[in-house]
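J.: Here's a structure for you.
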Amino acid sequence: MRIEKYANPARFLSLQKSVQPWLTGSAVVLIVVGLYLGLVVAPPDYQQGETVRIMFIHVPAAWTAMMTYTFMAACSIVAIVMRHPLADMAAKAAAPFGAVFAFLALATGSLWGKPMWGTWWVWDARLTSTFVLFLLYLGYIAVWQAIEEPSRAAAIARIVAIVGFINVPIIKFSVDWWHSLHQGESVFRMGGPTIYPTILWPLLVMGLGYTVMFAALEFSALRTEVLARRIRQMEIAEAQGS
Amino acid sequence: MDLTAAHSGYVFAAYGLTFVVLGFTIWLHVRRARRTAARLAGLEARQAPRRRTTTTREDA
């Protein structure tokens, strides 16, 4: 099966119709299981106590925020190189969700930081680069909102997505490159995770749940984008006809 | 989870904020999806009779 086949909006709409219930259902199941593992099964951490449970929503939000921006940058490259009609729409549809995940990563991190570090916020490399990611999302959304002509907006938005992508590896490696108050890599690292399985499993299940939730929202939002573009084309045709 | 443990208020706040923000985001998204679909259906219904009349034998 060739993925390019689904660059055709009509084919995508038929794929979306059949896949959407499975994605939505899987996201709900994974998040419910993850919440059960995180809030009921996982024990309190010997140092952090109950506060460790914030990790089960903070870390997946941060992962999904970075993954969403990577997806947007990839879509923008595909839009430039292969001229897929859905690529720009996919990136545009993803941006608001990415912004929400970045905001949640910052806010829940802040709620963890106050009892653990004694402060809501520090201008630490990891925190600052994540804040920059949030601003990049807002900038990307602002480009689409500010420019009425979709092709012009898409051209500028692609540049914002691709140039802004440099921030994603900075977020990932910031804890290695600079002395940081934020803890170092403990899941995706050479030598395997350093987290005990009772804490690691809820984290991984919630991470997968957030990823599938993003996929479900993205598929649905992309459908809305396709329909919105069809409305625009029909309105233009109607205006030209009258 | 021990509801009386120290700092459990921060945990409640974090989960509460996450549920509210994600819930609001999903509600906004669903509302936009429904409105867009309804608008498209309205446009198609408005344009359909026009398309039909231009293709009838009488018009031709």
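Every number in this text was worked out from the coordinates using simple rules, so none of it is lab data. Here the structure is a predicted model, which means the values were calculated and not measured. Glycine gets a Cβ as well: all are built from the backbone with ideal geometry, and neighbour counts include every protein chain shown.
J.: Peptide B:23-31: average number of partner chain Cβ atoms within 10 Å per residue?
T.: That average works out to 3.
J.: Using the alpha-carbon atoms, what tilt in degrees (0 to 90, nearest 10) does helix A:9-36 show relative to the longest principal axis of chain A?
T.: Taking the Cα atoms of chain A, the angle to A:9-36 is about 20 degrees.
J.: Would you give the gap between the C-alpha center of the range A:54-98 and the C-alpha center of the range B:6-39, rounded to a whole Å?
T.: 19
J.: Take the Cα atoms of chain A, find their three principal axes, and give me the spread along each one in whole Å, biggest first.
T.: Between the extreme Cα coordinates on each principal axis of chain A lie 71, 36, 32 Å.
J.: 222 nm [θ] for chain A, helices only, -39500 (n - 2.57) per DSSP H run of 4+, per residue, to 500?
T.: Result for chain A: -26500 deg cm²/dmol, rounded to the nearest 500.
J.: In the range A:74-170, what trypsin sites (Lys or Arg not before Pro) fall in a loop by DSSP, with at most 10 other Cβ atoms inside 10 Å?
T.: A:Arg83
J.: Using each residue's phi in the range A:129-134, evaluate 6.51 cos²θ - 1.76 cosθ + 1.60 at θ = phi - 60° and report the 3J(HN,Hα) Karplus result to the nearest Hz, with x for Gly and Pro.
T.: The phi angles translate into 5, 5, 5, 4, 4, 4 Hz.
J.: With springs only between Cα atoms under 10 Å, which of A:Ala65, A:Ala102, A:Ala42 fluctuates most in a Gaussian network model of chain A?
T.: A:Ala42
J.: Working from the alpha-carbon coordinates of the range A:136-221, get Rg over Rh, Rh being the Kirkwood radius.
T.: Here Rg/Rh amounts to 1.10.
J.: Positive end of the dipole of the protein assembly as shown, charges at C-beta (+1 Lys, Arg; -1 Asp, Glu), about the Cα centre: which of B:Ala45, A:Ser129, A:Val32 has its Cα farthest in that direction?
T.: Towards the positive end, the residue furthest out is B:Ala45.
J.: Please arrange A:Phe97, A:Phe56, A:Phe165 by counting, for each residue, the other beta carbons lying within 10 Å of its beta carbon, fewest first.
T.: A:Phe165, A:Phe97, A:Phe56
J.: Among A:Pro85, A:Trp112, A:Ala74, which residue has its Cα positioned farthest towards the positive end of the charge dipole of chain A, with +1 placed on the Cβ of Lys and Arg, -1 on the Cβ of Asp and Glu, and the dipole taken about the Cα centre?
T.: Final value for the positive-end residue is A:Pro85.
J.: Among the lysines in chain A, how many pairs, 8 or more places apart or on different chains, have alpha carbons under 29 Å apart?
T.: 5
J.: Something else about it: Once Rh is set to the Kirkwood radius over Cα pairs, what Stokes-Einstein translational diffusion coefficient, in µm²/s, holds for the range A:1-70 at a temperature of 25 °C and a viscosity of 0.890 mPa s?
T.: Once the numbers are plugged in, D ends up at 162 µm²/s.
J.: Charges at C-beta only: +1 for Lys and Arg, -1 for Asp and Glu. How large is the resulting dipole of chain A about its Cα centre, in Debye rounded to 20?
T.: Result for chain A is approximately 520 debye, rounded to the nearest 20.
J.: If you line up the long axis of helix A:55-81 against the longest principal axis of chain A, both from Cα atoms, how many degrees apart are they, to the nearest 10?
T.: Once rounded, the angle reads 30 degrees.
J.: While we're looking at this one, here's another question. Take the Cα atoms of the range A:94-237, find their three principal axes, and give me the spread along each one in whole Å, biggest first.
T.: Computed over the range A:94-237, the largest-to-smallest principal extents equal 60, 30, 29 Å.
J.: Okay, next question. Angle, helix A:87-117 long axis vs. longest principal axis of chain A, Cα atoms, 0 to 90°, nearest 10?
T.: Between helix and principal axis, roughly 20 degrees.
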